[in-house]
Amino acid sequence: MRLKCPICGREYDRPVQRCECGEPVEFELLKGEPYIGKSVWERFYDFWPVEPALEFSLGEGDTPLVKSKLGEELGVRLYLKNETTNPTWSFKDRGTFLAMSYALKAGYKAVGTVSTGNMAASVAAYASRFGLDAKILVSESASNEKLKAVSVYGGDVIRVRGDYGRLYFESLKLGEELGIYFINSDNPFRVEGYKGIAFEITEELSPDYVLIPTSSGGLFRGVAKGFIELRESGLIEELPILVAVQAEGCSPICRAFREGKTKIERFERPKTIAKAIANPYPPSGNAVLKLLHEFGWLCATVSDEEIVEAQRKLAGEGLFVQPASATGIAALKKLTEHGVISEGSKVVSILTGSGLKTLSHAEGGKIIECALEDLENCLG
C-alpha cells in the first residue's frame, strides 16, 4: 500500500490521508485488465487498492449513461452519466463504499466525515450497512431539514460551533487519537472509488470531453486517475479532455487556473445556488490545478442564471438534478458557443446528485387548479 503526494512527491508506506507538506496523498497508479463480472468492483478488480467488501454493497456504481437530446441543440453527441441513481442519490456512495471496505478490514469500529450534504448522508447510510458507528460533523448553520435526511440512518450527527474551515483538519487529528476513521472529501480510498466512473464510461464509448462539477477536487482527481490508469494499462489509447466546472460565485480553482497560478487562494465571500460545489478553499485544489496544467485540460465557470437554465433543460429530459449537477451542461453551452468544444464531439457530463436533495432551490412548474366538473376543459 504505497501512497504518494502529487505535489511534493513524498511517499508513504502507511495509510496516511495528507502529506507532511499539507497536500492530499493518493495511491500510486494501478494497472490491470478487466474481467467478466456483475459489478464495476468485480470487472475492474485489479484497480482497487483494497478488496471491496461486496457483501455490504448497496448497489453503488454501474449508473446509466444516457444519450441526451440536448446534444442536438448544442451540436455535439452528449451523454449524461447519471450518478443520482446511487443508493443515497449521489456519486459520493462510490468513494464511501471503498473507504468503508478499508475501515472494516483495518478493524475500525467508528467512521466519520465532515459534511452537511451528500457525503454526510452517504457515510451515515454506509456506516449503518457496515455495522460501524458514524460520527457526522456539520456546521452550526446546517438546517434541521437537511440533517433529518442524515440522522435517519442512525449514528451521531454533531453540530460544531466555530470555524468550519478548520473542522476538516481537526477531524483528521482527533480521528487518529480516538480511533475514528474519517472519510472526508479527498480521503485516498474515496478518490479511488470515483475511478469507477471513468471505467464505466469507457466500457460504453470513448469520449472527447468529460465535464466534472468540481468542489473539493476529489471527484475530479478520481475520474482523472481512472482514465490515466486505463491508458497506462493499454486499455485506451488517448485520454479525454477533462473539464473542471465551478460556479462563478465560488471558483477558486478556475480563478487560479485562469491566472496561471500553481496554488489556489481562498475565495472570499462565496455566493452561489450550487451549494454542493461551493468550497472556498478546496483541499484538493492544488492537486487539481496540477492535473489541469500537466494535461492541458480545462476549467470553466458558470453563473447561477446559467445553472438554473441548465437544471430546467435537464428536467425537460426527465432528469431532476441539484444545481451543482447542472453546471456541466451550463458550461457545455458556453464552450460550444465559443468554439472550445467543436461540433460533433463526444461529450459526457457527470450528473453528481439528485434535485430531491435541494428542493428549496428548485423552480417549480405551472400548476393548474380545476374543479371536477370542469375537468374536460382543463384536459383540453
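The values are calculated or read from the model by the stated rules, or taken from the named source; none is laboratory data. Given the structure is predicted, the values throughout are model-derived calculations rather than measurements. Positions of Cβ are generated from backbone atoms using ideal geometry, with glycine treated the same way; all protein chains shown enter the neighbour counts. Only protein heavy atoms, including side chains, enter the accessible area calculation; ligands, DNA and RNA are left aside. Shrake-Rupley method; radii C 1.70, N 1.55, O 1.52, S 1.80 Å.
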remark   = Of the residues in the stretch 117-139, those that are in contact with a strand residue (DSSP E or B) (Cβ under 7 Å, 6 or more places away or on another chain) and not polar (S, T, N, Q) come to MET119, ALA120, VAL123, ALA124, ALA127, LEU132, ASP133, ALA134, LYS135, ILE136, LEU137, VAL138
inquiry  = I need the full set of residues from the stretch 283-306 which are within 17 Å of the chain's Cα centre (by Cα), of a type in the set (Val, Ile, Thr) and open to solvent by less than 20 Å² (accessible area, probe 1.4 Å), in order please.
reply    = VAL288
key: Failed item, numbered, when THR214 is tested on (1) within 25 Å of VAL138 (Cα to Cα); (2) surrounded by fewer than 24 Cβ atoms within 10 Å (Cβ to Cβ); (3) of a type in the set (Val, Ile, Thr)   = (2)
remark   = In the set GLY71, GLY61, the lone residue that is in contact (Cβ under 8 Å) with a residue 60 or more places away in the chain, small (Gly, Ala, Ser), surrounded by 15 or more Cβ atoms within 10 Å (Cβ to Cβ) and assigned to a helix (DSSP H, G or I) is GLY71
note = Residue hits (the stretch 332-377; open to solvent by 100 Å² or more (accessible area, probe 1.4 Å), over 22 Å from VAL308 (Cβ atoms), assigned to a helix (DSSP H, G or I) and not hydrophobic (A, V, I, L, M, F, W, C)) are GLU373, GLU376, ASN377
key: Of residues in the stretch 74-91 being open to solvent by less than 30 Å² (accessible area, probe 1.4 Å) and without any contact (Cβ under 8 Å) to a residue 40 or more places away in the chain, the one nearest to VAL348 (Cα to Cα)   = ASN86
request  = Hey, can you tell me all the residues within the stretch 268-282 that are surrounded by fewer than 23 Cβ atoms within 10 Å (Cβ to Cβ) and farther than 18 Å from ILE307 by Cα?
outcome  = GLU268, ARG269, PRO280, TYR281
request  = Take the stretch 133-151 and flag every residue that is assigned to a strand (DSSP E or B) and charged (D, E, K, R).
outcome  = ASP133, LYS135
Restricting the stretch 142-177 to residues that are over 21 Å from the mean Cα position of the chain (by Cα) and of a type in the set (Lys, Arg), the residue that is surrounded by the fewest Cβ atoms within 10 Å (Cβ to Cβ) = ARG161
key: Every residue from the stretch 17-46 that is open to solvent by less than 20 Å² (accessible area, probe 1.4 Å), outside any strand (DSSP E or B) and under 15 Å from TYR102 (Cβ atoms)   = VAL25, TRP41
message = Return the pair list, or none, for Cβ contacts closer than 8 Å from residues in the stretch 221-235 that are under 11 Å from GLU33 (Cβ atoms) and part of a helix (DSSP H, G or I) to residues that are open to solvent by 10 Å² or more (accessible area, probe 1.4 Å) and at pLDDT 95 or above, at least 6 apart or on different chains.
response = LEU230/THR202; LEU230/ILE236
key: Residue that is of a type in the set (Asp, Glu), within 26 Å of TYR281 (Cβ to Cβ) and in contact with a Cys (Cβ under 6 Å, 6 or more places away or on another chain), where the choices are GLU83, GLU23   = GLU23
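Residue under question is ASN279, and the condition is that it be under 27 Å from PRO188 (Cα atoms) and part of a loop (DSSP other than H, G, I, E, B); does it hold?
Details: under 27 Å from PRO188 (Cα atoms): yes; part of a loop (DSSP other than H, G, I, E, B): yes.
Here the answer is yes, as ASN279 does meet what is asked.
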key: Residue among GLY112, GLY131 that alone is touching a helix residue (DSSP H, G or I) at 6+ places or on another chain (Cβ under 9 Å), modelled with pLDDT of 95 or more and open to solvent by less than 30 Å² (accessible area, probe 1.4 Å)   = GLY112
request  = Would you mind stating whether VAL50 is farther than 30 Å from LYS313 by Cβ, surrounded by 12 or more Cβ atoms within 10 Å (Cβ to Cβ) and free of Cβ contacts under 8 Å to residues at least 40 places away in the same chain?
outcome  = no
key: Set GLY196, GLY179: member being modelled with pLDDT of 95 or more and at positive phi   = GLY179
